[in-house]
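Asks: Quick one: the structure is below, questions incoming.
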Amino acid sequence: MNDLALNWIIQQLTSSAINNNARFLWCTDENALNALPPALHHQLLVLTNRWDVAEQAKARDFSTEFNDFDCSQIADNSLDKIFYRISKEKPIVHHLLNQAWRCLKPGGQLFLAGYKNEGTKTYIEKIAKLLGCDKNIVKNGPVYSAELVKGTSYDANQLLDDSNYNQPRPIAPDSGLGLFSKPGLFGWNKIDAGSALLIEQLKQLPPRPNPFKSCVDLGCGYGYLSIAAASLDTCNSVNHWTLTDNNAAALVLAQQNLLNHQLTGNVIAADAGKGIDIKVDLLLCNPPFHQGFGIDGDLTDKFLQSARRLLAQGGTALFVVNQFIPLERKAASLFSKINLLIDNGSFKVIQLEL
């Protein structure tokens, strides 16, 4: 998908005057590193919550921070320019706009862009009030953009409501699982219906001659699949859990939930399991069906390829996907056994074996 809003941000980055004394920040959960000129290395900090983007930025010698958009180490009034293509989740956007207000020098510039249906115009209007500047909204087809300048007089009472973004909080108390999550994660304030369907199918698997001993939760989010699976008789012999995700916030919350339940295991940053070198007899996966803002079938392929590599002979992988994802066809060349366990019209759970 050609992201016109991201393209605008990259244009502003590449056209910025090179000045080694200036400090620029690019907040991104998208990968557009190949479009950036090498000359920006000396003044640009790439701040991302995606492990794959961080690794590629480091490989290209950019100063890089991989975390949950934590700006606490950036001093007040210290940045000359900030570039941000708005994120999907409102709490993240509000959090980063508040940080932009804090970190920009008076006279510093915020470059902001997003699509009309993402609430971009409203975001621009809100942050312009906080910065004490004109809105300068430009509409180009479906994209709104703005170049905003921090004024010398501004009102901290205009800080945007970020839903207490940094604070983990208990969710789904009726589940009895004692889960913690936070804004910005997929399905952060509830149990995802697809994941719950997968757990129900795992619970109903027939007894195995060799009980499961190890499990990978591929694309773990805050760790629901692992925590819920650990409570089942089907998994009472699992003695090691590996949870992996590409998102910084997910990794922090998965680690917290793993520790809270005293489960033995590791939480590993990885892009769809890439680079993890283990073999397990149970693999659970609710893969995202979008990369950024567009549907990306290649992302499903990446999860399936990792599942093929990580699954031990005789092991079982359970995937839950939206009903329209052709996972059975995509898995045909990788797995010898493909079993549709359930299709409820919204989600389907598929069992894969080597």
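Asks: Any idea how many residues of the stretch 171-191 are crowded, with 18+ Cβ neighbours inside 10 Å and among the charged types (D, E, K, R)?
Replies: Residues meeting the conditions: 1.
Asks: Another one. For the stretch 85-135, which residues satisfy the criterion of being surrounded by 19 or more Cβ atoms within 10 Å (Cβ to Cβ), part of a helix (DSSP H, G or I) and β-branched (Val, Ile, Thr)?
Replies: Once the filter is applied, which keeps residues that are surrounded by 19 or more Cβ atoms within 10 Å (Cβ to Cβ), part of a helix (DSSP H, G or I) and β-branched (Val, Ile, Thr), the stretch 85-135 yields Ile92, Val93, Thr120, Ile124, Ile127.
Asks: Go through (1) under 30 Å from Ile276 (Cα atoms); (2) open to solvent by 20 Å² or more (accessible area, probe 1.4 Å); (3) at pLDDT below 95 for Leu33 and report which single condition fails.
Replies: The failed condition is (2).
Asks: Which pairs have Cβ atoms under 8 Å, sit 6 or more apart or on different chains, and link a residue in the stretch 166-192 that is over 22 Å from Pro288 (Cα atoms) to one that is among the hydroxyl-bearing types (Ser, Thr, Tyr) and open to solvent by 60 Å² or more (accessible area, probe 1.4 Å)?
Replies: Pairs found: Leu177/Ser231.
Asks: Answer yes or no: is there a residue in the stretch 211-225 that is charged (D, E, K, R), outside any loop (DSSP other than H, G, I, E, B) and surrounded by 16 or more Cβ atoms within 10 Å (Cβ to Cβ).
Replies: Scanning the stretch 211-225, I find at least one residue that is charged (D, E, K, R), outside any loop (DSSP other than H, G, I, E, B) and surrounded by 16 or more Cβ atoms within 10 Å (Cβ to Cβ), so the answer is yes.
Asks: Hey, another quick one. Would you please list the contacts, defined by Cβ atoms under 7 Å and residues six or more apart or on different chains, that run from a residue in the stretch 322-347 that is within 22 Å of Leu310 (Cα to Cα) to a residue that is at pLDDT 95 or above and in a loop (DSSP other than H, G, I, E, B)?
Replies: Phe335/Leu354; Ser336/Leu354; Ile338/Ala332
Asks: What are the pairs with Cβ atoms under 6 angstrom where one residue, in the stretch 138-150, is outside any strand (DSSP E or B) and the other, located anywhere, is not hydroxyl-bearing (Ser, Thr, Tyr)? Sequence gap at least six, or different chains.
Replies: Qualifying pairs under 6 Å: Pro142/Lys116; Lys150/Leu104; Lys150/Pro106; Lys150/Gly108; Lys150/Leu131.
Asks: What tally of residues in the stretch 54-84 results from selecting those that are closer than 16 Å to Leu131 by Cβ and either open to solvent by 70 Å² or more (accessible area, probe 1.4 Å) or free of Cβ contacts under 8 Å to residues at least 24 places away in the same chain (or both)?
Replies: 2
Asks: If you take the residues of the stretch 192-210 that are of a type in the set (D, E, K, R) and either closer than 18 Å to Asn322 by Cα or touching a Pro at 6+ places or on another chain (Cβ under 9 Å) (or both), which of them is most open to solvent (accessible area, probe 1.4 Å)?
Replies: Only one residue tops the list, namely Glu200.
Asks: Now a separate question. Output the residue which, of all residues in the stretch 3-19 that are more than 14 Å from Gln43 (Cα to Cα) and not polar (S, T, N, Q), is most open to solvent (accessible area, probe 1.4 Å).
Replies: Among those residues, the one meeting the criterion is Leu4.
Asks: Every residue in the stretch 88-128 that is closer than 14 Å to Gly151 by Cβ and in contact with a Phe, Trp or Tyr (Cβ under 8 Å, 6 or more places away or on another chain), please.
Replies: Selection gives Ala100, Trp101, Leu110, Ile127.
Asks: Scan the stretch 194-209 and give yes if some residue there is under 29 Å from Cys71 (Cα atoms), touching a residue at least 40 places away in the same chain (Cβ under 8 Å) and out of contact with any Leu (no Cβ under 9 Å at 6 or more places or on another chain), otherwise no.
Replies: no
Asks: Within the group Ala59, Ala5, which residue is of a type in the set (A, V, I, L, M, F, W, C) and under 16 Å from Glu118 (Cβ atoms)?
Replies: Ala5
Asks: Something else: For the stretch 20-30, which positions are farther than 13 Å from Ser63 by Cα and open to solvent by less than 70 Å² (accessible area, probe 1.4 Å)?
Replies: Passing the criteria: Ala22, Thr28, Asp29, Glu30.
Asks: State which residue is farthest from Pro170 (Cα to Cα) when the search covers only the stretch 252-289 and only residues that are hydrophobic (A, V, I, L, M, F, W, C) and free of Cβ contacts under 8 Å to residues at least 40 places away in the same chain.
Replies: For the stretch 252-289, the residue satisfying everything is Phe289.
Asks: I'd like the full set of residues that are more than 27 Å from Glu89 (Cβ to Cβ) and either open to solvent by less than 10 Å² (accessible area, probe 1.4 Å) or of a type in the set (Phe, Trp, Tyr) (or both), limited to the stretch 249-287.
Replies: Those that are more than 27 Å from Glu89 (Cβ to Cβ) and either open to solvent by less than 10 Å² (accessible area, probe 1.4 Å) or of a type in the set (Phe, Trp, Tyr) (or both): Val280, Leu282, Leu283.
Asks: Among the listed residues Phe335, Phe324, which satisfies the condition of being among the aromatic types (Phe, Trp, Tyr) and buried (at least 19 other Cβ atoms within 10 Å of the Cβ)?
Replies: After applying the criteria, what remains is Phe335.
Asks: Of the conditions (1) on the phi > 0 side of the Ramachandran plot; (2) surrounded by 15 or more Cβ atoms within 10 Å (Cβ to Cβ), Gly141 clears all except one; give me its number.
Replies: Failing condition for Gly141: (2).
The values are calculated or read from the model by the stated rules, or taken from the named source; none is laboratory data. Treat the numbers as computed from the prediction; the structure is a model and nothing was measured. No Cβ is skipped: glycine too gets one built from the backbone with ideal geometry, and neighbour counts run over all protein chains shown. Side chains included, ligands, DNA and RNA excluded: accessible areas come from the protein's heavy atoms. Shrake-Rupley method; radii C 1.70, N 1.55, O 1.52, S 1.80 Å.
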